[in-house]
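Visitor: Here you go, one structure.
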Amino acid sequence: MASSIDWSAAAERLSAFLHERVRTDEPMAKHTTIGVGGPARVMVLPKTPAEVARVVRVAKVLNIAYLPVGKGSNLIVRDGGFDGIVIQLAEHMTKTRVNARTVWAQGGTSFAALSRKLTKDGRTGLEFGIGIPGSVGGAVRMNAGAFGGEVKDALTRVRWVDEAGRLSEHTASDIVFTYRHTSIPAGAVVVEATFRATPGPIRKDVYERSIGRKQTQPIWERSFGSTFVNPPGRYAAEMIEGCGLKGFKHGGAMFSDLHANFIINVDGRARAADVEALIATAQSEVKKKYGVDLKTEVIVIGNR
């Protein structure tokens, strides 16, 4: 599909309404938290849900793949790049509004920063989100969580653009939430969300564990956050460490010697291929030793 696309014409068509907010051959290493990734053929930086919907409709007409990106926390773009349109929400779609008992946020808003601000202001409900990397849109889509709290516990409403370019609004009760997954349709771009944020005593136990993550997790390093989903009743980090992989390196990537479920970009030298190699090694070794199939929280796209 990609070889038959006139990328210059596609960029020109998008520029007709996005103007200077269209980039070509944009390095995705600049847009992922781990700092790896080849170029996206086209990147757009919309400011409104209506612009997102229009981008998706253009992609549909031209038969071009598209990918919404916020902070890029759970994303590997392979070194050969992505033959599609990256919809970068974190550049402009970061507005928030605090209401009497809720908070509204656009999809590109930092989920951690929003959670920190609300907790500091005496709002309860998002204490668990303080240490979670990524954007509001990504957190909602994957039902992000930590320390016993999940997005499903706080979400009230969400708006998304579907793969046909239609904008729609839904209540949380319309969505099925499971561990690190939701029933939000494939191809949907989460553009806005509303969460409960009630004035009152915060959950100090969750808050203290959230701000204490830097003692047990390498949150200052370039990483995804957690690489693998914890299997039922098990911890991925314990199994990876049990296989002797804590601190194990491949090229410029390494399993953190602080927390084995974190892959870090050592000195900014890692390539996407290095990260994928570590993921494959952990999956193979854990399967051999424990009989467990590790599943990633990370999405892998693009050309090798």
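Read the figures in this text as sums done on the coordinates, not as results from a lab. Just so it is clear, the structure is predicted and the values come from calculations on it, not from any experiment. A quick note on method: Cβ atoms are made from the backbone with ideal geometry, for glycine too, and the neighbour counts reach across all protein chains shown.
Visitor: Once you put a point 7 Å from the Cα of residue 13 and another 7 Å from the Cα of residue 101, both along the Cβ direction, what distance in nm separates them?
Guide: Placing both labels 7 Å along Cα→Cβ, they lie 4.7 nm apart.
Visitor: Continuing with this model, one more query. Taking the Cα centre of the range 217-298 as origin, sum charge times position over the Cβ atoms of Lys and Arg (+1) and Asp and Glu (-1), and report the length of that vector in debye to the nearest 20.
Guide: Roughly 160 debye for the range 217-298.
Visitor: Nothing charged except the Cβ atoms of Lys and Arg (+1) and of Asp and Glu (-1): what's the magnitude of the dipole of the range 8-88 about its Cα centre? Round to the nearest 20 debye. It would help to have the intermediate numbers written out before the result.
Guide: Values: 11 positive and 7 negative charges, 50 e Å.
Magnitude of the dipole: close to 240 debye.
Visitor: Give me the three principal axis extents of the range 217-298 from the C-alpha atoms, as integers in angstrom, largest value leading.
Guide: Projected onto the principal axes, the Cα atoms of the range 217-298 cover 33, 21, 21 Å.
Visitor: Using the Cα centre of the range 96-207 as the reference point, and only Cβ charges (+1 on K/R, -1 on D/E), how large is the resulting charge dipole? Debye, rounded to the nearest 20.
Guide: Numbers: 15 positive and 10 negative charges, 75 e Å.
The calculated dipole for the range 96-207 is roughly 360 debye.
Visitor: Which residue, chosen from 281, 173, 76, occupies the Cα position most advanced towards the positive end of the dipole of the chain, where the dipole is computed from +1 (Lys, Arg) and -1 (Asp, Glu) charges on Cβ about the Cα centre?
Guide: The Cα lying farthest towards the positive end belongs to 173.
Visitor: Enumerate the calculated ³J(HN,Hα) couplings along the range 96-103 in order (Karplus 6.51 cos²θ - 1.76 cosθ + 1.60, θ = phi - 60°), each rounded to whole Hz, writing x wherever the residue is Gly or Pro.
Guide: 9, 8, 8, 9, 4, 10, 9, 9
Visitor: Out of 246, 120, 152, any idea which swings most in a Gaussian network model of the chain, alpha carbons joined below 10 Å?
Guide: The residue that fluctuates most here is 120.
Visitor: A further question on this structure: Starting from the Cα of residue 219, step 7 Å along the direction of its Cβ; do the same at residue 287; then give the gap between the two resulting points in nm.
Guide: Here the modelled spin labels are 3.4 nm apart.
Visitor: Under 29 Å Cα to Cα from residue 152, which lysines show up? Leave out anything in the same chain fewer than 8 places away.
Guide: Of all the lysines, those that pass the test against residue 152 - Cα under 29 Å, at least 8 places apart if same chain - are 47, 71, 95, 117, 120, 204, 214, 295.
Visitor: In whole percent, what relative contact order does the chain give with Cα contacts below 8 Å and a gap of six or more residues? Write out the running numbers ahead of the final one.
Guide: Numbers: 692 pairs, mean separation 54.3, N = 304.
Normalised by residue count, the contact order of the chain is 18 percent.
Visitor: Near residue 288, which aspartates and glutamates are there with a Cα under 20 Å away, not counting those fewer than 8 places off in the same chain?
Guide: 238, 241, 276
Visitor: Among the complete DSSP H segments of the chain, which ones combine at least 18 Å of alpha-carbon extent along their axis with a mean Kyte-Doolittle hydropathy of -0.5 or more?
Guide: The answer, listed by residue number, is 49-62, 272-290.
Visitor: Please state, to two decimals, what the Cα-based radius of gyration of the chain comes to when divided by 2.2 N^0.38 Å (N = residues).
Guide: Details: Rg = 19.3 Å, N = 304, 2.2 N^0.38 = 19.3 Å.
The reported ratio for this selection is 1.00.
Visitor: Tell me, what is a quarter of the convex hull surface for the C-alpha atoms of the range 96-207, in nm² with one decimal? Spell out each step's value before the answer.
Guide: Values: hull surface 25.1 nm².
Value for the range 96-207: 6.3 nm².
Visitor: With runs of 4+ DSSP H residues as the only contributors, calculate the mean residue ellipticity of the chain at 222 nm using -39,500 (n - 2.57) per run, divided by the residue total and rounded to the nearest 500. Working shown, then result.
Guide: Values: 8 runs with 80 residues, N = 304.
That calculation yields -7500 deg cm²/dmol at 222 nm.
Visitor: Additional query: Which residue, 41, 271, 13, tops the fluctuation ranking in a GNM of the chain built on C-alpha contacts under 10 Å?
Guide: 13
Visitor: Further question: Which one of 96, 178, 32 has the biggest mean-square fluctuation once the chain is modelled by GNM with Cα springs under 10 Å?
Guide: Largest GNM mean-square fluctuation: 178.
Visitor: What does the charge count near residue 173 come to, summing +1 for each Lys or Arg and -1 for each Asp or Glu among other residues with Cβ under 12 Å from its Cβ?
Guide: Values: positive: 152, 157; negative: 174.
Summing Lys/Arg as +1 and Asp/Glu as -1 gives +1.
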